[in-house]
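Enquirer: Below: one structure in structure tokens.
Please treat every number below as a calculation from the coordinates, not as lab data. All values reported here derive from a predicted model rather than from experimental measurement. Positions of Cβ are generated from backbone atoms using ideal geometry, with glycine treated the same way; all protein chains shown enter the neighbour counts.
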Amino acid sequence: MTTENDFEVVRPSFFGGSACIFLTASLVIYIVSFASPFWFDYEGSYHLGLWSACYAVSNDGVVSQNSTVAAKPETSWECVGASTWINSAAPGFVNDWLAGVEAILTISLIFHIVTSVSLLYYVGAPSVEKQVSQVIVFGSFCLTFAIACFTLTAVVVCGVLVTQEDSAVYRSHLSWSYSLAITSTCVVWVCTVALIVEVVRVLDGSPVRPQHIGSPTVTLRDRRFRELQQSIANGLHGVRNEAIERENEAAAVETEARDAGDSTHETHA
């Protein structure tokens, strides 16, 4: 049985801690893949990422962007925006796929950061209340599942593009940035499974246990926070009692004045 000085806390399980570690590692891999221009490579003559494309330039001029001849050792590299390069390399090719992939991966990056920070707080905080834990874990699961679906979609789309004859990256090789994206996607799916277990564990209430505010397992921060809450509640209770006393005193004075007026009236009569 809990009292007003008790509060229910949830400790992360092995699955919650594992999800936090793997998701943080996945975020690092994801950022490298997201920012690097090595999603596609065509026999050394150019390499293309989500945001930029670099092509080989020799002393004799620009090596053809769609050439089957690899860049010579003495060549240098020039980089432009990815959409600019696609429009110049394949003017008839509609590059809506690039904008779509950029959009879903940008949203995934935002979700990734938010979820990683939330899980780090959930795992690293000395004690997290039941309701807060449920919100963090369930929200993290939803966002992680969205990340997994978005990144899987982007990976599949890019893999299909190299087989499409009307694509600007037709017959290109999928390079190491793409491999990192696949790795990050697989890790996120593992995190999703781990969070499913953690969600079931937290929502069914089994790991919830009361802790007294004076317990040595409760941190000084939590103890002070609870004491502050109790002080505020006591203060409000005192103010309320004082207001009630003042109302009673005013009512008593009014009653005495009324009784005195009645007595004076009877005397005159």
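Enquirer: Under a 5 Å amide H to amide H cut-off, with H placed in plane at 1.01 Å, what residues pair with residue 43 once short-range neighbours are removed?
Expert: Correct list: 173.
Enquirer: Hey, another quick one. Which order, highest average first, do 109-121, 191-203 follow once you tally other Cβ atoms within 10 Å for each residue and take the mean per peptide?
Expert: Numbers: 109-121: 18.2, 191-203: 20.2.
Most protected by this proxy first, the peptides run 191-203, 109-121.
Enquirer: Full extension from residue 179 to residue 152: what is 0.36 nm times the residue separation minus their Cα-Cα distance, to one decimal in nm? Walk me through the numbers before you get to the answer.
Expert: Working: separation 27, 0.36 × 27 = 9.72 nm, distance 1.22 nm.
Full extension of this stretch gives 8.5 nm more.
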